[in-house]
Structure formats: C-alpha cells, structure tokens
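> Here you go, one structure.
No lab work stands behind these numbers, since they all come straight from the coordinates. Not measured: the values here are computed from a predicted model. A quick note on method: Cβ atoms are made from the backbone with ideal geometry, for glycine too, and the neighbour counts reach across all protein chains shown.
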Amino acid sequence: MRKLLSLVVAGMAGGLIVFAGILLLSQEEIKTKNRQAHFAESRILESIPTDFKSAARQAMPAVVHINAEESREGALRRFNEERTRRSPFSFFFDEDLFDAFRSPRQRAGKGSGVIISSDGYIVTNNHVIDFADQIEVTLHDDRKFLADLIGNDPRTDLAVIKIDAGALPSLTYGNSDNVEVGEWVLAVGNPFDLTSTVTAGIVSAKGRNQIIRRTDAIEDFIQTDAVVNPGNSGGALVNTSGELIGVNTAIATPTGVFAGYSFAIPSNMLKEVVANIIEHGGPRGRMGAGIATIEEFEESMNLKLSVDRGVVVVSVEDGSAAQYSGILPHDVIIEADGIMIDSPETLVEILNKKRIGDMINLTIIRSGEEKVISVQLKAS
C-alpha cells in the first residue's frame, strides 16, 4: 500500500513538474511573440516621421515672399498695345468709346520663391511675375530687395529672378524621380500673406498633367494633399530631409482656395530649366524641327510609309540645330540616345532632360536606310 501511495505521489509530482514546464515554455513563447510584435511596431513607427522640425528649419529661411507689380508706365504701354490690336471700328462700339477717358489699371500679385543659390538666384512660378516690371523680394529675416528677371518659361510655368545679396540660405535639389506615392512632404510658402507657413501632407499621385492652361504646356506634376493656397505659388515642396523636390504651382479647386489637392513642378524638371536660363538665357535646348506621328503624317500626305514606328519630321527651321546637323523633312526618328521613340511626347520628354549645348543622337530612317545623326541643341 505504501509503495502504491509513493507511486501515486511521484506521478502527481512528475505531472506537476511537466505542467509547470509547459506553462513556463508557453509564457516564454508569449513573451517572445510580444517582443517580436513590439519590435515590428517600433519599426513601423520609426518609418513614419512625426517630427518635421528639422525639414522646416532648413526650408523656411530659403523661401521668400514676392510682391510683383506693374508700373504705371508698363500698364500704359500694355493698354496702348491692346488698343492697337483692336478693330479700327471698335472705338464706336461698347465700352471702347470710353477708353480715352480711362486710366489703365496696374496689375499686382503676390507669391513665393525658393532661393537655389547663396548668391541670390531664386526660382518661382512664371504666373507670379510675368506681368510685372517691379519685383520686390522679402527674405525670411524681413530684409527687402528689388529683383531682376533673369528668364522665364511659360510652358513649365517657371521663372528665375535674382537679388543682389550674398551668403543666403538655399535649398539643395532632391531627386524627384525617387519620390514615392505615400511619402511625407512639406509645403512652404506665404499663403494669404501669412509668411513662412509650413503645411504637411503626402504625395498622392505623380505625373499629373493638363494643369497649365496652354496647349504647348510641359507638365509632370507631383500631386500632394499638403495645404496650398493663393500666395503659395512658387514656394517649396520639400521631403523630410529638407531637400527641394518641387515648386508648388497650382491647386485643384472649385472655389479658388484649397480643396484637397495641390500640384508641384518636380525638381528634376525645374533644375534643368533653371540651369538653362541662368547659363544660356533660354529655358531648354531645341532641335528646331516640327514632329508628327506616323498616322498624322500618312493621313495629311495621303500616303503609306514603309516604317511602323517612330515620329516623322514634317518641318525644319532655318538656322536650327536640326538643320545644322542635317535633319531633313520626312526623316523618321525611331530612337533618341538609344531610347525607342513611339510618340512626339517621348521625344519631347528626352529633350527636356537635356541642357543647351548637349548632344542627342538620333537614329533615323531616310529613304529606307537607317542612320545615326548627332544634334547639338540650341537655346529655345
């Protein structure tokens, strides 16, 4: 009986030990899983920036306030030019009868700009200053300067101005091609005269177009939901490292104020335009050739080409880079720098990444034969 009781007690003790071991292993497994979950959560939280102070500190001093005005003389000159373009009989009709008794209204506007070099070069939107002959720049430290227009590009809505100052804070370009949808960004500008305003949002889309109201517009906008309002035009769009990845240009709105989305010119586009304006006096390199799709050319000429890809040269400007290099009307361009050309837009996109003076190697079909022609781009 004692032996049986001992066996029972020993069995119970063994069971308790096994149960305790299982319990300890389960608790350790739970702790391990909790640690793994906490680590994963920490990694996720680390990837979401919740502090934009560093990027804001870098961007704010490099964003300026622009006050653009049309002088009285400029307004009068514009007024007279508009009158000369009217019909000679318009004086007898409508309000034109009273033009002789009216003073021309001077135009004015406000916006933002981004200092891109310590010696005073500033990039802004063309629509901020295109009417003005008096441009005043107010820096982050409230110093004021009159600015000179260096050059502009209505097709991308960009302009470069310069002030006579040195040792200025400036922003460095980021690579806008690396910007991803969902990435945090900051918009810095002067909406409604509220200087040095910073708002945050995410990149909500890339490659937006049909924003600039021009048939020849060149567009590849970054779309964000960072709040942008009138006065932000020309201001900076920066990433969380404080790098310039775009210039804020437009908003999608039925009311004239922010309604959810804004659009910025990507830095990789603007830096080439800006460099061309500063170094060569023009916004981009041009071939000086009119281009059409194969379908458009065949339809207009009522003929059938022997090639089924590429674009057709329909005209060559006198004195242009295309003429100088030997490009002829009816040449079919099938490649540019080794990239297949399937539309005029593809060729334009490649050209827009070039600087004035750069070479572009075109593979063409002429009279059924393939050849390569190098074209050195001239200023537009």
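> Using the number of other C-beta atoms within 10 angstrom as an exposure proxy, rank SER241, SER112 with the fewest first.
Values: SER241 12, SER112 29.
Ascending Cβ contact count within 10 Å gives the list SER241, SER112.
> Now a separate question. Full-extension gain between GLU369 and ASP164, please, as 0.36 nm times their residue separation minus the C-alpha to C-alpha distance.
On the way: separation 205, 0.36 × 205 = 73.80 nm, distance 5.52 nm.
Computed gain between GLU369 and ASP164 is 68.3 nm.
> While we're looking at this one, here's another question. For LEU237, LEU194, LEU171, LEU270, which order do you get if you count the other beta carbons within 10 Å of each Cβ and list the fewest first?
Going from sparsest to densest Cβ surroundings: LEU194, LEU171, LEU270, LEU237.
> Something else about it: Ranking SER71, SER196 by Cβ neighbours within 10 Å, fewest first, what do you get?
Values: SER71 12, SER196 17.
In increasing order of surrounding Cβ atoms, one gets SER71, SER196.
> Let me ask something else. Counting Lys and Arg as +1 and Asp and Glu as -1, what is the net charge of the other residues whose Cβ lies under 11 Å from the Cβ of ARG309?
Working: positive: none; negative: ASP308, GLU335, ASP342.
For residues surrounding ARG309, the net value is -3.
> Now a separate question. Sum up the charges of everything whose Cβ sits under 15 Å from the Cβ of LEU186, counting Lys and Arg as +1 and Asp and Glu as -1, but leave LEU186 out.
Net local charge, LEU186 excluded: -2.
> Could you pull out every residue, at least 5 positions away or on a different chain, whose amide H is within less than 5 Å of the one on SER233? Hs are placed 1.01 Å off N in the peptide plane, and Pro or chain starts have none.
For SER233, the qualifying residues are SER112.
> Applying the Karplus parametrisation 6.51 cos²θ - 1.76 cosθ + 1.60 with θ = phi - 60° to the phi angles of the range 129-138, what ³J(HN,Hα) value in whole Hz is obtained for each residue in order, glycine and proline being reported as x?
Computed from phi, the couplings for the range 129-138 are 10, 5, 9, 9, 10, 9, 10, 10, 10, 10 Hz.
> Next question, about the same structure. If you add up the charges near ILE356, with Lys and Arg at +1 and Asp and Glu at -1, over every other residue whose beta carbon is less than 12 angstrom from its beta carbon, what do you get?
Cβ neighbours under 12 Å give a net charge of +2.
> Also: Pull out the extension gain between VAL181 and LYS304, defined as 0.36 nm times the separation in residues minus the alpha carbon to alpha carbon distance; nm, one decimal. Walk me through the intermediate numbers first.
Values: separation 123, 0.36 × 123 = 44.28 nm, distance 4.32 nm.
Gain on stretching VAL181 to LYS304: 40.0 nm.
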